[in-house]
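Have a look at the structure below, then the notes.
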Amino acid sequence: MLYTIPDYYHEFRCVAGKCEDTCCAGWQIVADEAALEKYKNETGVFAEHLKESINWEEGTFKQDKEKRCVFLNRSNLCDMYTALGEESLCRTCKLYPRHIEEFEDVREVTLSVSCPAVARILMNKKEPMHFLSYETDEEEEYGDFDPFLYSKLVDAREVLIDILQDREKKLNLRAALILEIARDVQECIDEEDIFSMDDVFDYYRTEEGIHEVETDFAEADHLTYIRKMFQNQYQMEHLRGDWESYLKKAEKLLYGNANDNLCEKHYMEMLGEFHTWLQKEMPEYEIQYEQLLVYFISTYFCGAVYDGEAFAKAQMAVVSTLLIHELLMAQWKMNEKALSIKDVIEIVYRYSRELEHSDSNLNLIQELMSEREY
């Protein structure tokens with residue numbers, strides 16, 4: 001089995017009770033069968049409390065009125081961990097914030113930016129992200145797996161990441177290029193002509209291909225696009241009760257009223273002022289967006305081997321980064337035109353938590369993207 005991890009993987013350390021937003025609240029924690037069997041057989045002094053704190057029918061840990069895991073004490077430490085040690089934790093609690101994507105003979109392990117500690121590492125990382133690999137003797141078989149498609153998706157992902165990390169190009173152009181490449185890759189998949197992907201990669205390395213993307217980008221209606229993408233967030237299942245109200249406040253600040261004829265003028269003036277402020281006060285912002293784009297592409301893109309939706313996954317990467325940018329601009333307005341690295345980290349992990357809250361959210365976003373409307 002080939003394992004891959006991001007180069008900052010071993011920098012991560014859970015800060016436990018010092019975390020500004022514990023992962024043990026909000027999410028419903030589902031325990032694996034092996035852990036549940038172990039909990040049933042627990043006989044020590046913690047056994048009664050342990051067994052009363054599990055919804056055995058659902059296989060989940062109970063939550064209090066604030067949606068905090070019943071084992072999470074007021075010091076934001078886990079009572080189960082304290083009483084029974086690390087080995088008592090279920091698979092979910094042991095793994096998070098590690099995110100695993102599995103392919104035939106390949107296991108890709110990333111760190112989710114829905115964790116504040118991971119978001120902090122990534123948003124402070126200046127060098128381009130790269131990946132480390134190592135092999136083990138494990139072997140697994142996957143019944144329904146197309147190794148040829150996977151190989152071409154890996155090639156495509158490498159091309160996308162190379163473009164995203166080309167800091168000689170403006171970030172907007174890099175994002176537009178990966179969308180155009182992913183759109184053409186999708187056509188190759190739909191037409192069952194995956195080996196033509198190499199022609200796609202070659203074309204967008206030429207001046208003609210780059211010029212085509214620049215022209216299309218200049219002619220696009222960006223405000224209509226981003227506002228539609230912003231509103232798609234209301235269709236998601238929300239993790240935190242205050243997230244929808246936060247989105248509505250941000251939307252009002254960004255886009256004004258739907259019938260306001262000055263909406264576009266207001267938005268473009270604010271966007272220009274915000275970018276001027278970023279260039280002066282937070283000049284690393286393009287690097288931060290680059291890291292996010294690479295994170296989303298590296299984590300999700302090759303999953304298209306299972307559902308064939310490569311373009312949707314590239315769109316999700318670009319749109320997620322774009323929405324984080326919009327939320328940061330709204331927060332800048334809320335802060336009376338100021339922003340800190342703490343704000344950046346908070347928006348990144350809060351947005352990502354909502355996105356990752358459930359499989360239905362990820363499926364919904366991909367479904368909206370796969371309609372090919374945008």
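The values are calculated or read from the model by the stated rules, or taken from the named source; none is laboratory data. A quick note: this is a predicted structure, and the numbers were derived from the prediction, not measured. A quick note on method: Cβ atoms are made from the backbone with ideal geometry, for glycine too, and the neighbour counts reach across all protein chains shown. Side chains included, ligands, DNA and RNA excluded: accessible areas come from the protein's heavy atoms. Shrake-Rupley method; radii C 1.70, N 1.55, O 1.52, S 1.80 Å.
Couple of notes before you dig in:
- When each of LYS18/LYS249; LYS67/LYS337; LYS169/LYS333; LYS170/LYS313 is checked by Cα-Cα distance, pairs over 24 Å: LYS18/LYS249; LYS67/LYS337; LYS169/LYS333
- Packing here is the average count of other Cβ atoms within 10 Å per residue, and on that basis the peptides 41-47, 315-321, highest first, run 315-321, 41-47.
- The accessible surface of segment 1-160, taken with every protein chain in place and a 1.4 Å probe, is 50 percent carbon and sulfur.
- Averaged per residue, the chain has 51 square angstrom of accessible surface, using a 1.4 angstrom probe with ligands and nucleic acids left out.
- Degrees between helix 263-281 axis and first principal axis of the chain (Cα, 0 to 90, nearest 10): 70
- Near ASP146, once Lys and Arg are set to +1 and Asp and Glu to -1 for all other residues with Cβ below 11 Å from its Cβ, the sum equals -2.
- D (Stokes-Einstein, µm²/s), Kirkwood Cα radius, the chain, 0.692 mPa s at 37 °C: 146
- Tilt relative to the chain, helix 359-370 - C-alpha long axis, 0 to 90 degrees, to 10: 10
- Distance between the pseudo-spin-label points of ASP199 and GLU52 (7 Å out from Cα toward the beta carbon): 7.0 nm.
- LEU132 accessible area, assembled protein chains, probe 1.4 Å, Å²: 70
- On Cα atoms only, tilt of 171-190 relative to the major axis of the chain in degrees: 80
- Taking the inverse of the mean reciprocal distance over all distinct Cα pairs, the Kirkwood hydrodynamic radius of segment 1-75 comes to 14.7 Å.
- Our summary gives the chain a relative contact order of 21 percent, counting only alpha carbon pairs under 8 angstrom and 6 or more residues apart.
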